[in-house]
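Worksheet for the structure shown next.
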Amino acid sequence: MSEDFSKINRAVKFCLERIRKGYSEDKILRELDRYIKKIKLKSLSKQDVFEIAKNRIRAKDKFGELAERLFFDDDGLRYSTPPTVAEYRAKRLRADCIADVSCGIGAQLIYFAKESKRAIGVELNEKRAFLAELNLTALKVEAEIIVGDSLSKEIVKRIEASDVDIIFSDPSRPPEEKIRSLENLEPPPEKVIEKYSAITEKIAFELPPQLSPAKISLEGEKEYTSLNFRLNRLALYRNDLAECDVSAISLPSMEKVTNEDERIEPERDGVKYFLHEIDFTVIKAGLLGNLLGKINLSASIVIDDGRRVVLSSDEESNSNFIRDYSVEEICSFNAAEINSKLKKLGAGKITLRFSLPPSEYWKVRKKLEDGLKGEEWFYLFKKDDEAIIVKALK
Ligand SMILES: C[S@@+](CC[C@H](N)C(=O)[O-])C[C@H]1O[C@@H](n2cnc3c(N)ncnc32)[C@H](O)[C@@H]1O
């Protein structure tokens, strides 16, 4: 692998340089063809190298600096676990030996290999398994990669012989599926349980985070993971891996709320000094009352439009699941009136925090910001036909 690794890495960098210079794909592929022949690279085609190079650029947001060192195909990047989540998951699932039985390009496996004594990855797609090998080499971590169907007898036997104590699977979901369900996942979680529960009861999955707890027919802790205030993942931990029934974790802070935290139900009351925008992760998990109980916040619901839940109270909150705002003005939801209030407040910019078709956003925002000369940044929420103008506190 090491000889191949350096050749592949050189070819990817050669391609990346030309993408960054703005060369056309045709020209790059022609030059790449000559280069690949010159360095006698056999394991990947020029199209593969082009795909990897292009995805290093795309991966920047998700992987930061690491993107420059990793190897992704298109689907492998789309479904890869972001490093902050992968690291957290690997710490929670520390084992003597963990097997990731649908490892993709290995974004999660890298962290299993770092945190557990031994790690094994199984991947059906041969090319992706090869990319996982490259990623392990790139980050100098060791794990065994097995190519094949993790539900096959042969692979189940190999995993059994490896003394695995945790099985993990992050199955593929069809990209075009409108309503997420457990049925179309590959490998199907029920089958993974059926094949592997004789080896270990400690099995964990990643499931589509759009599923609410009631839609998940499998037993275990359902842990909704927020990354930077956005619902990112849903893990299911079975048997001894479970710590409660439903939980939500906010990353990178690691603040956690569970169904076992005592609940305070929000009331229905008016707008007070502060608005509290709730991370949707907590709403999806059905844990709003538990969060309020845990941080001891008595608040009332101001907005709940199915996508955004905003509460209000006279206190600042103390939670990474909540963004606090101070209420500056309330007026009727009319562009001229909002604009005049903003001028009086010395506003320069306003971010709109209500549902709008994306094509409308800038048109509406420009109208509301017309003639603003101040320095301050405000946010605008909409409650029925009222506008609530606020300032962010954290
Ligand atoms: C969502 S991706 C995994 C992403 C990975 N967790 C990461 O962070 O990079 C799911 C992978 O499972 C693989 N897969 C699907 N069915 C499989 C099976 N029966 N055996 C092994 N791998 C399988 C797919 O080819 C795909 O690469």
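The values are calculated or read from the model by the stated rules, or taken from the named source; none is laboratory data. From a predicted model like this one, the values you see are computed outputs, not experimental measurements. Neighbour counts run over all protein chains shown; Cβ positions are idealised from the backbone, glycine included. Accessible surface is based on the protein model in full, side chains and every heavy atom, while ligands, DNA and RNA are left aside. Shrake-Rupley method; radii C 1.70, N 1.55, O 1.52, S 1.80 Å.
The residue of the stretch 100-117 that is least open to solvent (accessible area, probe 1.4 Å), among those that are more than 12 Å from the ligand (Cβ to nearest atom), assigned to a helix (DSSP H, G or I) and farther than 22 Å from residue 255 by Cβ, is 113.
For every residue, the table says whether it meets (1) in the same structural domain as residue 165 (by TED's automatic domain parsing); (2) not in a helix (DSSP H, G or I).
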position: 40; (1), (2): no, yes
position: 43; (1), (2): no, yes
position: 48; (1), (2): no, no
position: 64; (1), (2): no, no
position: 67; (1), (2): no, no
position: 86; (1), (2): yes, no
position: 89; (1), (2): yes, no
position: 98; (1), (2): yes, yes
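Taking (1) of a type outside the set (Lys, Arg); (2) open to solvent by less than 10 Å² (accessible area, probe 1.4 Å); (3) more than 11 Å from the ligand (Cβ to nearest atom); (4) assigned to a loop (DSSP other than H, G, I, E, B) in turn, residue 120 satisfies each apart from (4). The residues listed here are 25, 17, 51, 31; of these, the one that is farther than 23 Å from residue 82 by Cα, modelled with pLDDT of 95 or more and either hydroxyl-bearing (Ser, Thr, Tyr) or open to solvent by less than 60 Å² (accessible area, probe 1.4 Å) (or both) is 31. Selection of the stretch 324-362 for residues being surrounded by 16 or more Cβ atoms within 10 Å (Cβ to Cβ) and touching a residue at least 60 places away in the same chain (Cβ under 8 Å) yields 324, 325, 327, 328, 329, 353. Checked against (1) surrounded by 18 or more Cβ atoms within 10 Å (Cβ to Cβ); (2) more than 9 Å from the ligand (Cβ to nearest atom), residue 155 meets all criteria but (2). Within the stretch 156-190, the set of residues being in contact (Cβ under 8 Å) with a residue 40 or more places away in the chain, out of contact with any Pro (no Cβ under 7 Å at 6 or more places or on another chain) and of a type outside the set (Ser, Thr, Tyr) comprises 156, 159, 163, 164, 165, 166, 167, 168, 170, 175. Residue pairs whose Cβ atoms lie under 6 Å apart, sitting 6 or more positions apart in sequence or on different chains, and linking a residue in the stretch 363-392 that is in contact (Cβ under 8 Å) with a residue 40 or more places away in the chain and within 10 Å of residue 275 (Cβ to Cβ) to a partner that is β-branched (Val, Ile, Thr) and surrounded by fewer than 18 Cβ atoms within 10 Å (Cβ to Cβ), are 379/351; 388/330; 390/327. Tallying residues that are more than 10 Å from the ligand (Cβ to nearest atom) and not β-branched (Val, Ile, Thr) within the stretch 71-99 yields 13. Please work out if residue 387 is surrounded by 15 or more Cβ atoms within 10 Å (Cβ to Cβ), assigned by TED's automatic domain parsing to the domain that holds residue 279 and out of contact with any Cys (no Cβ under 8 Å at 6 or more places or on another chain). When the stated conditions are applied, residue 387 does not pass them.
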